[in-house]
1. Output the helices (runs of 4 or more DSSP H) that fall wholly within region 41-131 and possess 1 or more residues being within 26 Å of PRO16 (Cβ to Cβ) and without any contact (Cβ under 8 Å) to a residue 40 or more places away in the chain, or say none.
2. Tell me which residues, restricted to region 147-203, are charged (D, E, K, R), at pLDDT 90 or above and in contact with a Gly (Cβ under 7 Å, 6 or more places away or on another chain).
3. Here are some conditions: (1) among the charged types (D, E, K, R); (2) at pLDDT 90 or above; (3) farther than 22 Å from GLU35 by Cβ. GLU55 meets all but one. Which one does it not meet?
4. Determine if region 131-139 includes at least one residue that is modelled with pLDDT of 85 or more and hydrophobic (A, V, I, L, M, F, W, C).
5. For region 212-219, check the following and say yes or no: at least one residue is in contact with a helix residue (DSSP H, G or I) (Cβ under 6 Å, 6 or more places away or on another chain), surrounded by fewer than 16 Cβ atoms within 10 Å (Cβ to Cβ) and either in a helix (DSSP H, G or I) or at pLDDT 90 or above (or both).
6. Among the residues that make up region 17-24, is at least one of them buried (at least 21 other Cβ atoms within 10 Å of the Cβ), modelled with pLDDT of 90 or more and either more than 24 Å from ALA181 (Cβ to Cβ) or in contact with a Cys (Cβ under 8 Å, 6 or more places away or on another chain) (or both)?
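The values are calculated or read from the model by the stated rules, or taken from the named source; none is laboratory data. Remember, predicted model here, so these are calculated numbers, not experimental data. Because the Cβ atoms are built from the backbone with ideal geometry, glycine has one as well, and the counts that use them run over all protein chains shown.
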Amino acid sequence: MGGPGVSARTFPRIEPRRSAGVRTWWARAVASALEEAAYDPADLKKGAGLARRGEVGQIELDAGRVVAAVMERGDAFTVTVTVPVMDPDEAQAFAEVVGAGAGWVGSLLRGDVPASLDEALEEAGVELLPYGGLSATCGCDSWVDPCRHGLAVLTQVAWLVEADPLVLLHLRGLERADLVARLAGTAEEPATASADWEGELPDLEVAVEAAEQAAALLVDLLGTSPSKDVDDISF
């Protein structure tokens, strides 16, 4: 069941693809977690095969839960994968770490997670993905957890996370809007301390977009990249 304020996201069925592999380090973290959770390498291989062949239906992803149907030899099996969600302290610690790094806010909202952010999160004791916390239930007769159908669903979750790392945060119970609100909250005290401050805090996502547009404009005007990359701008 989803956490407070977190709404479910539905992803359409993914078409067949040749490889089950992922390239970004944050997606590989999910892949490593499911490899660690697999009871038998043969199950992992079968799960990857089901995922590659497009046998997983639409995926419904909520805080702490993923639900999807997996087809195998004409039979459909409903799979529910559960993942521990961040508690409020962990979510706040995550936002504070992200907000403290130069360019990390913009990178994350644009779909990138710098390795330096991962290192800072580790130092703060915040895990993007809790290893050993994956569990799955399925309608098949397999006694292992997760079964090959659960591994197929998790394989495709890794693909979704590769395309958008905020999917992983959503799964951990930290929705994009909540993250932006927490990031704004970390700047609220200094902002309200000014006697001249009126109105609400600037929208971080708007600020990121403005910075990107300014950088692009400089490229057009100067014919080269600006000396200070937009990723170096901190909020």
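1. Details: elements: 41-52, 88-100, 104-109, 115-123.
In region 41-131, the matching helices (runs of 4 or more DSSP H) lie at 41-52.
2. Pass one, region 147-203, residues charged (D, E, K, R): 148, 162, 164, 172, 175-176, 178, 182, 188-189, 196, 198, 200, 203.
Subsequent filtering for residues that are at pLDDT 90 or above retains 148, 162, 164, 172.
If the condition is that a residue be charged (D, E, K, R), at pLDDT 90 or above and in contact with a Gly (Cβ under 7 Å, 6 or more places away or on another chain), then ARG148, ASP164 are the ones that fit.
3. Checking GLU55 against (1) among the charged types (D, E, K, R); (2) at pLDDT 90 or above; (3) farther than 22 Å from GLU35 by Cβ, the one that fails is (3).
4. Pass one, region 131-139, residues modelled with pLDDT of 85 or more: 135-139.
Next cut, hydrophobic (A, V, I, L, M, F, W, C) only: 136, 138.
Yes, region 131-139 contains at least one residue that is modelled with pLDDT of 85 or more and hydrophobic (A, V, I, L, M, F, W, C).
5. Yes: region 212-219 contains one or more residues that are in contact with a helix residue (DSSP H, G or I) (Cβ under 6 Å, 6 or more places away or on another chain), surrounded by fewer than 16 Cβ atoms within 10 Å (Cβ to Cβ) and either in a helix (DSSP H, G or I) or at pLDDT 90 or above (or both).
6. No.
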